[in-house]
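Heads up: the structure comes next, in structure tokens.
The values are calculated or read from the model by the stated rules, or taken from the named source; none is laboratory data. Because the structure is a prediction, the values reported are computed rather than measured. Virtual Cβ from ideal backbone geometry, glycine too; neighbours counted across all protein chains shown. Heads up: the accessible areas ignore ligands, DNA and RNA and are worked out on the full protein's heavy atoms, side chains in. Shrake-Rupley method; radii C 1.70, N 1.55, O 1.52, S 1.80 Å.
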Amino acid sequence: MISPLFAYNDIRLGLESIFRSRLQMQILLSLGEGCKTLSDLRTITGSSSQAIIPRIRALEKRSFISAQKYQYCLTPLGRIFEAKINEITRLFSLLTNHDTFWQEHYLEGIPEQSIKEMSDLYNSQIIADTSVEIFQVYAHYQTAIEKAKRIHWISSMISPGHLQYVISQVIEGVPVEMIITAEVEMQLRAEPYASQLSQMRACSNYIQYISDNPLKFGLMVTDTELILGLYKQDMTTFDASSHFTSHDSQALSWGERVFTHFRSTSRACSL
């Protein structure tokens, strides 16, 4: 098998001719959203026709785009290539916009496939406690739970306050599935949690799973929001003061895939 490194050495100049061209990148990414006229491309790129047309010709020569009824569209080859540069662009945006967050937190608890798909999280923000709003993350969780019409939760720890909000939602009929560790399950059988959970014993819309594998992150996915909490680089301290959140549909799908992965390796248990 030829190493990608050796392949890169062979095609480096051609690859750089695209990635180093702002206009070619903008043209490809814009056409990924649909066919565009030359006028559309001038507006999108802020460039003149004289600057754009040579880049269009270069992309046509590579069979990445074609002219169709006064518009330019991606070809099948172009759609494949645009999808890859779209993914790279989203990933680099994610890593750049939240570089400190990723550097300070432990990521290896997240499944390898989900790490590879992290570009789906690019449309996101960080919620963090401050010296003025010291319970901002806690309050954000509370609001997300109260608004949810469905909750999928993975947690290696539990909070009495958050649990009470979840219980209220379950009693209201909201479907809730929670994946926890065996250690957390033992905690839930003791007070103050046992009395709280007794309120849900007759609720069929609550399902609890036990993961026998370590859970080195916290994840909540509702019908409208993803909230991701991570451990610090020491791998023992959960960072409850800053969380990653997104309402984007791609991020929600990413979170659901992570939840499904851990649910498939966990066992259901009764309250």
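Over the chain, what is the percentage of antiparallel beta bridges among all DSSP beta bridges, to the nearest 5?
Antiparallel bridges: around 70 percent, rounded to the nearest 5.
Based on the mean of other Cβ atoms within 10 Å per residue, sort peptides 28-39, 143-154 so the most packed one is first.
143-154, 28-39
Under 15 Å from the Cβ of residue 225, count the other residues' Cβ atoms, weight Lys and Arg +1, Asp and Glu -1, and hand me the total.
Computed value for this residue: -2.
Computed from the mean reciprocal separation of all distinct C-alpha pairs, what Kirkwood hydrodynamic radius does the stretch 7-161 have, in Å?
About 19.2 Å for the stretch 7-161.
Given (i) 15; (ii) 31; (iii) 37 as candidate values of percent of Cα pairs over 34 Å apart, which corresponds to the one derived from the coordinates?
(iii)
Please compute the length gained on full extension between residue 132 and residue 248, using 0.36 nm multiplied by the number of residues separating them and subtracting their Cα-Cα distance.
39.0 nm
With axes computed from alpha carbons, what is the tilt in degrees of helix 76-97 against the longest principal axis of the chain, rounded to the nearest 10 within 0 to 90?
Once rounded, the angle reads 50 degrees.
Of all the Cα-Cα pairs you can form in the stretch 36-92, what percent are over 13 Å apart?
65 percent
What's the lysine pair count for the chain at a Cα cut-off below 19 Å, pairs eight or more apart or interchain?
Lysine pairs, 8 or more places apart or on different chains, close enough: 6.
Apply the Karplus parameterisation 6.51 cos²θ - 1.76 cosθ + 1.60, with θ equal to phi minus 60°, to every residue of the stretch 210-224 and state each ³J(HN,Hα) to the nearest whole Hz, in sequence, with x for glycine and proline.
Per-residue couplings from phi come out as 10, 9, 7, 9, x, 10, 9, 6, x, 9, 10, 10, 9, 5, 10 Hz.
How large, in percent, is the carbon and sulfur part of the accessible surface of the chain at a probe radius of 1.4 Å?
Ligands and nucleic acids excluded, carbon and sulfur give 56 percent.
Evaluate the Kirkwood expression for the hydrodynamic radius of the stretch 120-159, namely the inverse of the mean inverse distance over all pairs of different C-alpha atoms, and round to one decimal in Å.
12.2 Å
Using modelled backbone amide H atoms (1.01 Å from N, in-plane), which distant-in-sequence or interchain residues come within less than 5 Å of residue 230's amide H?
Counting only residues 5 or more places away or on other chains, the set is 218, 239.
In sequence order, what are the phi-derived ³J(HN,Hα) couplings for the stretch 111-124 according to the Karplus relation 6.51 cos²θ - 1.76 cosθ + 1.60 with θ = phi - 60°, rounded to whole Hz, with x for glycine and proline?
With coefficients 6.51, -1.76 and 1.60, one gets x, 4, 4, 5, 4, 5, 9, 5, 4, 5, 9, 4, 8, 7 Hz.
Sorting check: for 158-165, 124-131, which peptide has the highest mean count of neighbouring beta carbons within 10 Å, and how do the rest follow?
Packing order, densest peptide first, comes out as 158-165, 124-131.
Ranked highest first by average number of other Cβ atoms within 10 Å, how do 191-200, 74-83 line up?
Highest to lowest by the protection proxy: 74-83, 191-200.
In the stretch 149-230, if every C-alpha pair distance is counted and binned at 10 Å from zero, what percent goes to each bin?
Percent of Cα pairs in each bin: 17, 56, 26, 1.
Taking only the alpha-carbon atoms of the stretch 188-228, what semi-axes of the equivalent ellipsoid follow from 5 times the gyration tensor eigenvalues under a square root, in whole Å, largest first?
22, 16, 11
Dividing the Cα convex hull volume of the stretch 135-271 by residue count, how many Å³ per residue is that?
Cα convex hull per residue, to the nearest whole number: 104 Å³.
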